[in-house]
Amino acid sequence: MPTLIKHRKLATAADTWTLLQEGEAFPASGDVIVPLSLWLGKREVLLKRVGRTGVWLKPEDEPALLAHDFAVLPLIAVHFPAFTDGRGYSTARLLRERHGFGGELRAFGDVLRDNIFYLSRVGFDAIALREDQDAAQALGAFGDFSEAYQSSVERPQPLFRRRTGLSA
Amino acid sequence: MYQYDEIDQGIVDERVAQFRDQTRRYLAGKLSEDDFRPLRLQNGLYIQRHAPMLRVAIPYGLLSARQLRKLAHIARTYDRGYGHFSTRQNIQFNWPTLESVPDILAELASVEMHAIQTSGNCVRNTTTDHFAGIAPDEIVDSFVWCELIRQWSTLHPEFTFLPRKFKIAVTGATTDRAAIQVHDIGLQAVKNAAGETGFRVLVGGGLGRTPIIGHFIRAFLPWQHLLSYLDAVLRVYNRYGRRDNKYKARIKILVKELTPAVFAQKVEEEWAHLKDGPATLITEEIERIEARFTRPQYQVLKANDVEFDVALATRPGFAAWVKRNVHAHKLPGYAAVTLSLKKTGVAPGDATADQMDAIAALADSYSFGELRVSHEQNLILADVRKSDLLAIWQAAKTLGLATPNIGLLTNIIACPGGDFCSLANAKSLPVADAITRRFDDLDYLHDIGELDLNISGCINSCGHHHVGHIGVLGVDKAGEEWYQVSIGGSQGVDASLGKVLGPSFAQEEIPDVIEKLIDCYIERRDGDAERFIDTVRRIGLEPFKQQVYARATRTPAPETLSA
């Protein structure tokens, strides 16, 4: 099991979510994270189950397709098939900034401690590290940099507005 | 020179600490080769043929004497006493050990330098006109905008793992000395009718395997929106650029596949959401950055200097150097000087530690302690008094930096090639050397006139062969090194891509081939005001082809004769 970091801390409670692969049948009960295709096809059936439903997105999935479902989605997960595939960073910003998703946003897949700083800035509040990563040591990565130049989900005002005290 | 504030310094220092930890984990076996690779590349560290190669950023090519001394110190302490200035205004060290790289980065940070994003699939060092701020044809000084882009691109949370590398070039002058048409994004700073600064935006230009001239997607982008618009372009690229094939992953392929019009429309749609958001620039920030630039305290001088004029009339060697290596300055009595790193027998762009120290001293004495790196791999003293030119020439001659060949055939642009680079198909430095030896006669060189000769050791095109008036490309044929020659390429406002002459040549044939091309040009040029590139454009490839291949027809093999 990958080690889960939530809100910059090791997750203490057991993770109740089960991630379903594409084509995998969903169980009658329990919290599941389903692929976008399943959500789009079986939304009503899924919502009638006992247990919560979250959706996971592939790098090429369009986050706008979930924009009207946020009220019933406590969790959206974004898959990183390789840590060098940066599409998930744009997905996260779009979900948070453009569409206003306020639930748990979880990164999973090929996720290294060396990505944590960027992931936290684009709005991921849950990070499921790759299994071989030392999660306790990885927590230090949140503090790799004490400042950043750009506007981000974490700090919408870019450094130049904070420097001059002129916020937009 | 932009001077860091505490926050700028803190980010660079923390980057050193981060990379020190990554290196430690790698050496301890806790970070695999595959995981470490993208991380070290984003700190400019390649594993090359002989040793690691470290590429250090020289943001927009601007360097202080203090920084150059530090580079000399690094070359001496961690390398073999020299460095290589690249076509992207950076410097590369070819022989550091992996273990020493964190220390080198710490040395760099002590003089407000870094190697952040000098490689990897991220936004690279922004390049600009090496005459920014001093060119008589300048409309907008590009340095402030380049620094803004440097800060915006540094550790950008969304765009650090792009499909492929991403290069931005900015020019603020009417003559394009930054090759903006062959960059992923080219920005031409202009003024509108109301005198407000804005940018013409080009996307999708590039060299490499698929050379393409960039497309204009916006006629005037008001300066306030520069960063939000860049965010929009990068987001479209990050989301839709191809990741299945690294040879099709540059933005130019996406622009081509979508068509420039559709790409532009996607950017506009994205930008509609970002425009006027927090990334919108404010006057206070432009002023803050401008105030952190040290600017030369110019004197009021007369346009002409009598002693300079006398020296010009009486010393032909000095006059030849002034003609080629001294450039116009916007202020009377000042000039810019190119110190040529293209001496015969020296690899293009290489400078020894001693030369770097001496050049730093020249910058301190004559040019307000600052200098620039040109993408033609030379160093420039941008703000010298005309009355000091003779002394500078004499000092430069002693240092082997006064070869009067700027803009001429032997001012060759070349990548490090197969001698150093693990990507290369073929060597480029020995080819450059053989050509400069062939054309060592300065009178002949000056008679040939302006000519850009660019050499790349492979299709990655680090030597910009596509935009050389003559381009030489190393190719691999069944394990052997061959060279393809093209003519008709050009950078600048009238940018064009060279066309391949025909079948490739062996290394030792190249000087002859170049000579035949030159002979053809000399025979057919319409007076000596017509440059090589003009002649190629006027008469086309065919006459050159005939001249080169006519006598090169090889004797048929013996068995064919007896058959």
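Any read-out appearing in this document is the output of simple, stated calculations on the displayed coordinates, not a laboratory observation. All figures in this text were calculated on a predicted structure; none of them were measured in a lab. Because the Cβ atoms are built from the backbone with ideal geometry, glycine has one as well, and the counts that use them run over all protein chains shown.
Once backbone amide H atoms are built at 1.01 Å from N, residue A:57 has A:77, A:78, A:79 as its partners under 5 Å, excluding neighbours fewer than 5 places away on the same chain. With all pairs of separate Cα atoms included, region B:54-211 yields a Kirkwood hydrodynamic radius of 16.7 Å. Rounding to the nearest 10 and keeping the result within 0 to 90°, find how far the Cα-based axis of helix A:36-48 lies from the longest principal axis of chain A. Relative to chain A, helix A:36-48 is tipped by roughly 60 degrees. Residues whose amide H lies under 5 Å from that of residue A:19, counting only those 5 or more places away or on a different chain, are A:33; hydrogens are built 1.01 Å from N in the peptide plane. The mean number of Cβ atoms from other chains found within 10 Å of a Cβ in peptide A:72-84 is 2, as a whole number. If the Kirkwood radius is taken over C-alpha pairs of region A:1-42, then at 10 °C and 1.306 mPa s the Stokes-Einstein diffusion coefficient equals 132 µm²/s.
Semi-axis lengths, largest first, of the ellipsoid equivalent to region B:306-399 are 21, 15, 12 Å, with √(5λ) applied to each eigenvalue of the Cα gyration tensor. Distant-in-sequence amide contacts of residue B:370, defined by a placed amide H-H separation under 5 Å and a gap of 5 or more residues or a different chain, comprise B:65.
Counting every pair of alpha carbons in chain B, the share spaced more than 43 Å apart comes to 17 percent.
Counting Cβ atoms of other protein chains within 10 Å of each residue's Cβ and taking the mean over peptide A:111-119 gives 4. Just so you know, the averaged projected area of the alpha carbon convex hull for region B:463-521 sits at 4.3 nm².
Put a plus charge on the Cβ of each Lys and Arg, a minus charge on the Cβ of each Asp and Glu, and nothing anywhere else: the dipole of region B:172-295 about its Cα centre is then about 680 debye. Highest mean first, the peptides B:428-437, B:157-166 sorted by other C-beta atoms within 10 Å per residue fall in the order B:157-166, B:428-437.
The percentage of C-alpha pairs in region B:127-291 whose separation is greater than 29 Å is 14%.
Under 9 Å from the Cβ of residue A:75, count the other residues' Cβ atoms, weight Lys and Arg +1, Asp and Glu -1, and hand me the total. Surrounding charge for residue A:75 is 0. Taking a quarter of the surface of the Cα convex hull of the protein assembly as shown gives a mean projected area of 36.7 nm². Over all pairs of different C-alpha atoms in region B:6-109, the reciprocal of the mean inverse distance, the Kirkwood hydrodynamic radius, equals 14.2 Å.
Taking the Kirkwood radius as Rh and the Cα radius of gyration as Rg, region A:41-83 has a ratio of Rg/Rh equal to 0.99.
Under a model in which nothing but the beta-carbon of Lys, Arg (+1) and Asp, Glu (-1) is charged, chain B shows a dipole of about 1060 debye around its Cα centre.
Computed from the Kirkwood radius of its Cα pairs, the Stokes-Einstein diffusion coefficient for region B:261-363 at 10 °C and 1.306 mPa s stands at 83 µm²/s. Dipole orientation for the protein assembly as shown: of the candidates A:17, B:543, A:45, A:45 has the Cα lying most toward the positive pole (charges on Cβ; Lys, Arg +1; Asp, Glu -1). The value given for region B:403-514 is a Kirkwood hydrodynamic radius of 13.8 Å, derived from the mean inverse Cα-Cα separation. Evaluating 6.51 cos²θ - 1.76 cosθ + 1.60 at θ = phi - 60° for every residue in region B:3-12, the Karplus couplings come out as 9, 4, 9, 4, 6, 4, 5, x, 5, 5 Hz, glycine and proline recorded as x.
Based on DSSP H segments of at least four residues, each scored -39500 (n - 2.57), chain B has a per-residue ellipticity at 222 nm of -11500 deg cm²/dmol. If you take all other residues with their beta carbon under 13 Å from the beta carbon of residue B:18, and give Lys and Arg +1 and Asp and Glu -1, the sum is +1. Helical runs assigned H by DSSP (4 residues or longer) give chain A a calculated mean residue ellipticity at 222 nm of -5500 deg cm²/dmol, each run adding -39500 (n - 2.57) before division by the residue total. Shape of region A:35-168 from the C-alpha gyration tensor: oblate (a/c of 1.5 or more and a/b not above b/c, with a ≥ b ≥ c the square roots of its eigenvalues).
What shape does region B:1-60 have by the C-alpha gyration tensor, where a ≥ b ≥ c are the square roots of the eigenvalues, rounded means a/c under 1.5, and otherwise prolate means a/b greater than b/c and oblate the rest? Verdict is oblate for region B:1-60. Measuring between alpha carbons in the structure, the pairs from B:165/B:248; B:248/B:427; B:266/B:499 lying more than 21 angstrom apart are B:248/B:427; B:266/B:499. For the peptide A:138-150, the mean number of other protein chain Cβ atoms found within 10 angstrom of a residue's Cβ is 5. Charge tally for residue B:144 (other residues, Cβ to Cβ under 14 Å; Lys, Arg +1; Asp, Glu -1): -4. What the Cα atoms of region B:248-321 give is an Rg and a Dmax of 25.6, 65 Å.
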